[in-house]
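Before any comments, here is the structure.
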Amino acid sequence: MRGFLLVAPVALILAGCNAADRSNIGNAVENAGTEIGNGAADIVEGAGNVLEDAGNAVTILPPSRDDWVGRWTGVEGTYLVVSKGATAGSYKLEMQYTLDDKGIFDGTGSDAGIAFTRPDGKQELRASNGDATGLKYLAGKKDCLKVKDGEGYCRD
């Protein structure tokens, strides 16, 4: 019995250690699970941000008016030369648009044509025919561009 009294406290100490170790292991597993869950949430949130940023990076190009590139003739010495710009959907418009006014203007393809600004304000070059320009010299022509009534250019 005496041997039992010596072994019993040692067994209790070992049993206590084992319980503490088990408790520490349980805590470690619980903490690891929490950290894994938090890490997974961070990954999902990060992926959502990447997808959102990718969606913001989508660029819508202006409509192409590349088939309008070339020289167009107006009346009384007026003309229009449409050239491609540096980026898709951008254009350079060289024009003599009155007897006294000429210039080179940057344009951008739009749903209706090519939008641009010159000293007389914002303008839009649109597909037309000679009759719609209001200019007798262009009447009957089919392949034309019009800025406004009284200003148009056609291909011969």
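Give me the percent of accessible area attributable to carbon and sulfur for segment 60-99, probe 1.4 angstrom. Carbon with sulfur: 56 percent of the solvent-accessible area.
Residues in segment 64-81 carry Karplus couplings, in order, of 7, 10, 4, 6, 8, 4, x, 9, 10, 10, x, 10, 6, x, 7, 7, 9, 10 Hz; the curve used is 6.51 cos²θ - 1.76 cosθ + 1.60 with θ = phi - 60°, and Gly or Pro positions show x. Legend: residue pairs LYS122/LYS148; LYS84/LYS142; LYS92/LYS141; LYS122/LYS146; LYS84/LYS136, Cα-Cα distance threshold 21 Å; pairs beyond threshold, LYS84/LYS142; LYS92/LYS141; LYS84/LYS136. The residues of segment 94-154 expose on average 56 square angstrom of accessible surface per residue, using a 1.4 Å probe on protein heavy atoms. Tell me which residues come under 5 Å, amide H to amide H, from TYR79 once H is placed; ignore anything under 5 positions away on its chain. So TYR79 has HN proximity to GLY74, GLN96.
The values are calculated or read from the model by the stated rules, or taken from the named source; none is laboratory data. Since the model is a prediction, treat every value here as computed from it, not as a measurement. Ligands, DNA and RNA are excluded from the accessible area calculation, which covers all protein heavy atoms including side chains. Shrake-Rupley method; radii C 1.70, N 1.55, O 1.52, S 1.80 Å.
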